Amino acid sequence: MEIKADTTVCIGAGMCALTVPEVFDQSEDEGTVVVLKSPVPEELEDAVRRAVTLCPSGAISAS
């Protein structure tokens, strides 16, 4: 699974980083999403799908 993150759309809610801190973090400067791991390890794919669903701005996607 690959992750795409659009920092121009991200509002810095942090749901992704709270849901899967192994895969997502937030920039210290802007507070926007930072992808730590892509491709995603298979054991984290379900959690990443949940994080994509929880993202209020739709800034992250996974395929």
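Here are a few things to note about the model shown:
- Its relative contact order, with pairs defined as Cα atoms under 8 Å and 6+ residues apart, puts the range 1-60 at 45 percent.
- Computed FRET value (nearest 0.05) for T8 with R50, which takes r as the C-beta separation and R₀ as 25 Å: 0.60
- Charge context of L44, other residues only, Cβ under 9 angstrom, K/R +1, D/E -1: -4
- Residue order by solvent-accessible surface for L44, L18, L54 is L18, L54, L44, largest first, with ligands and nucleic acids left out and a 1.4 Å probe.
- Gaussian network model of the chain, springs between alpha carbon atoms under 10 Å - residue of V40, V23, V48 with greatest fluctuation: V40
- Choice from E45, E22, E30 with maximal GNM fluctuation in the chain (Cα, 10 Å cutoff): E30
- Globularity ratio of the chain, using Cα Rg and 2.2 N^0.38 Å: 0.96
- Taking the longest Cα principal axis of the chain as reference, the axis of helix 45-54 is set at about 30 degrees.
The values are calculated or read from the model by the stated rules, or taken from the named source; none is laboratory data. Worth saying up front: this structure is predicted, and the values here are computed from it rather than measured. Glycine also receives a Cβ, built like all others from the backbone with ideal geometry; neighbour counts cover every protein chain displayed. To get the accessible areas, we keep the full protein, side chains included, count just its heavy atoms, and leave off ligands, DNA and RNA. Shrake-Rupley method; radii C 1.70, N 1.55, O 1.52, S 1.80 Å.
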